[in-house]
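The structure appears below as structure tokens.
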Amino acid sequence: QGPPLSGLFAFWSPMQAIDLFAGAGGFSTGAAMAGVQVVWAANHWPLAVEYHAANHPDAAHLCQDLHQANWANVPEHDLLLASPCCQGHSPARGKAHGNPQHDASRSTAWAVVSAAEHHKPVGAVIENVPEFLNWALYPAWQMAMEALGYKLSPHIVDAADHGVPQHRERLFIVATRSKAPLQLKLERHEHVSAASFIDFNAGNWSAIDKPGRSPRTLTRVASGRAAHGHRFLAPYYGSGSGATGRSLHRPIGTITTKDRWSLIDGDRMRMLMARECCVAMGFPVNYQLPPQHHKAVHLLGNAVCPPVARDVISALIEQI
């Protein structure tokens, strides 16, 4: 079953971690907030590696498909952090919606098993969409991790419960080399409103009633005005707030990899700026991002919210 956990981390100061599928660096940023040093990070996308390195210069970096990684070249570590590709599991991008990469994206989760087999860290935290638990191969993946001596404890966490101004439910699987699965004691924080990160004096505004404006957009705006007054948010796609708009006095809905949220202010409107999306994800306001808007939003929409990672990692450390 692996070594006992009690007091084990006292031998290392600070605790060291690696970050698989590191992306924008949300897991690494949250780990740093929790006092954990990320010593190595990897991603297959050169842009993600470039900006992860810019924000986390003390970590070693690898740009590679992790199916092909040589784990012998990865530094020893106490904690494995991983965010395998979620698109193949997401209802919006999975097999049922014709995503041609669903099989390849789902298979990235096996890199976690191979890394854990080689290094056998004391703990691991794996982030994904909740639908990961419904994957046909999840029982086999779970058995593989258990064969390595890990007990798995799934946690569904809403970022809004951890001080992030966004409702974003994600799965965090806590894997520990313990006798029983470890159920984290996660304290809930007060919700933060979307108004906390909106700047009405910035951005590229346009008139709502302009030639060529989509009738669907006008319908959403009219419904939002009736429900929320002259200032509110409206999604361009997706369910939830599509028919009624969304109050600025509550957390925003999920930030995605493409522009989703428009801001309505009287007779004008604009899409959220990348910097607003950055804060909505819980990253520091000065976090370095690509200057191209669509690339920055893509990185952010795929990221782990740092305050959630901080709280999950901190709770793990406190309970072992």
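The values are calculated or read from the model by the stated rules, or taken from the named source; none is laboratory data. Everything numeric here is computed off the predicted structure, so don't read it as measured data. Cβ placement follows ideal geometry from the backbone for every residue including glycine, while neighbour counts extend to all protein chains displayed. All accessible areas refer to the heavy atoms of the entire protein, side chains included, with ligands and DNA or RNA removed. Shrake-Rupley method; radii C 1.70, N 1.55, O 1.52, S 1.80 Å.
Remarks
- Lone unmet requirement of (1) surrounded by 20 or more Cβ atoms within 10 Å (Cβ to Cβ); (2) under 19 Å from the mean Cα position of the chain (by Cα); (3) not small (G, A, S) for Q288: (1)
- Flag for A72 being buried (at least 23 other Cβ atoms within 10 Å of the Cβ), at pLDDT 95 or above and either small (G, A, S) or touching a Lys or Arg at 6+ places or on another chain (Cβ under 9 Å) (or both): no
- Residue count for region 122-150, restricted to those that are in contact (Cβ under 8 Å) with a residue 60 or more places away in the chain and either part of a helix (DSSP H, G or I) or on the phi < 0 side of the Ramachandran plot (or both): 5
- Within region 34-55, residues that are under 12 Å from L20 (Cα atoms) reach partners that are of a type in the set (G, A, S) and open to solvent by 30 Å² or more (accessible area, probe 1.4 Å) with beta carbons closer than 7 Å, at six or more positions or on different chains, in the pairs V38/A32; V39/A60; W40/A60.
- Options L186, L152, L182; residue that is over 18 Å from R310 (Cβ atoms) and of a type in the set (A, V, I, L, M): L152
- Residues satisfying the stated conditions in region 207-230, i.e. outside any helix (DSSP H, G or I), touching a residue at least 24 places away in the same chain (Cβ under 8 Å) and touching a strand residue (DSSP E or B) at 6+ places or on another chain (Cβ under 9 Å): A207, I208, H230
- Meets criteria (assigned to a helix (DSSP H, G or I), of a type in the set (S, T, Y) and at pLDDT 95 or above) for S114: yes
- Taken as a whole, the structure leaves A147 outside the set of residues that are open to solvent by less than 50 Å² (accessible area, probe 1.4 Å) and not aromatic (F, W, Y).
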